[in-house]
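I have placed the structure first, in the form of structure tokens, so that the comments after it can refer back to it.
What follows draws every value from the coordinates through simple rules; no lab data is involved. Being a predicted model, the structure only gives us computed values, none of them experimental. Here the Cβ positions follow ideal geometry from the backbone for every residue, glycine too, while neighbour counts run over all protein chains shown.
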Amino acid sequence: MFELEHTELSEKVYQLVKKMILNREFVGGQRLDLKDLSQKMNISRTPLKDAVNRLVREGLMEVKPRSGTFVATVKVSDIEEISEIRLMIEQWCVSHLTQLKAQKLVLQLENIIEQFTNTLHVKPFPFHSFLELDVSFHTEIVQAGGNPRMLEQYKSVNSFLHASRIYYFQSYDRSVAGHEEHLSIIQALKRYDLKEACAKLEEHIMTSKLSMIDYLQQNGGGL
């Protein structure tokens with residue numbers, strides 16, 4: 001039985017269900033019995049429906065007419081589309097940085113990189129922690145763009161990709177390579193070479209996209 005306080009109930013339910021999807025306690029393609037879930041949480045259906053609606057907008061769940069509510073599956077087209085959206089937003093944010101904002105961003109990214117480095121030496125490799133740092137790294141870039149609505153859109157589309165990577169794409173070698181790519185982005189920002197930073201960002205995001213697509217194709221094109 002899940003215990004939830006009644007204050008800000010809809011938000012609490014949303015965060016709980018989202019966490020369960022991100023941790024793959026609910027897996028792609030799984031049909032959710034909302035009546036059973038609301039009983040386990042000891043809540044009414046209303047806050048649960050509110051949470052589902054938010055998660056549908058984020059691409060983490062889908063409602064199929066006359067079939068029910070399902071956890072979203074991952075397809076090659078999803079990876080391609082979300083990667084393109086991420087690239088457009090992140091490159092725009094980098095290309096519009098002032099020198100002062102770039103310097104502040106470098107300091108924030110270097111703090112994350114230090115945590116990255118520490119994580120690489122932990123055994124067994126804590127992939128979930130590493131991935132959370134990766135999300136933080138890229139979110140800082142978008143936050144530096146200074147557009148709150150863009151940031152919210154970015155977080156929304158990135159949630160689906162985040163959930164997919166947690167469960168399916170756990171590769172130590174790719175994580176190490178991604179770490180080196182992050183460093184190259186920071187070095188370009190330090191020189192205030194925004195064109196180079198955008199190029200390194202594109203290389204990083206596209207390489208990650210291709211590695212995920214390759215994995216999906218090895219597993220029939222979807223999971």
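Numerical summary
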read-out	value
Nearest-ten-degree value, helix 172-190 long axis tilted from longest Cα axis of the chain	50
Members of Lys49/Lys75; Lys19/Lys155; Lys64/Lys155; Lys104/Lys155 lying beyond 18 Å, as alpha-carbon distances in this model show	Lys49/Lys75; Lys64/Lys155; Lys104/Lys155
Three-way shape call for region 9-71 based on the alpha-carbon gyration tensor, with the a/c threshold at 1.5	rounded
Karplus (6.51, -1.76, 1.60) ³J(HN,Hα), θ = phi - 60°, over region 208-218, in Hz, Gly and Pro reported as x	4, 4, 5, 5, 6, 5, 4, 5, 4, 5, 5
Relative contact order (percent, whole number), region 9-71, Cα cutoff 8 Å, 6+ residue spacing	44
Dipole axis of the chain (+1 Lys, Arg; -1 Asp, Glu on Cβ), positive-most option in Gly146, Phe160, Val17	Val17
Residues Glu11 and Met206, FRET efficiency given R0 of 35 Å [Cβ-Cβ distance, rounded to 0.05]	0.50
Under 12 Å, Cβ to Cβ, from Arg174 - net charge with Lys/Arg +1 and Asp/Glu -1	-3
Centre separation in Å (Cα based) which lies between region 77-104 and region 171-223	13
Between 0 and 90°, nearest 10: helix 148-168 axis offset from the chain longest Cα axis	80
Cα long-axis angle, helix 45-57 against the chain (0 to 90 degrees, to the nearest 10)	30
Projected label distance in nm at Leu34 and Asp50, using a 7 Å step from Cα toward the beta-carbon	1.4
Prolate/oblate/rounded call for region 76-218, Cα gyration tensor, a/c under 1.5 rounded	oblate
Ranking of Cys198, Cys93 by count of other Cβ atoms within 10 Å, fewest first	Cys198, Cys93
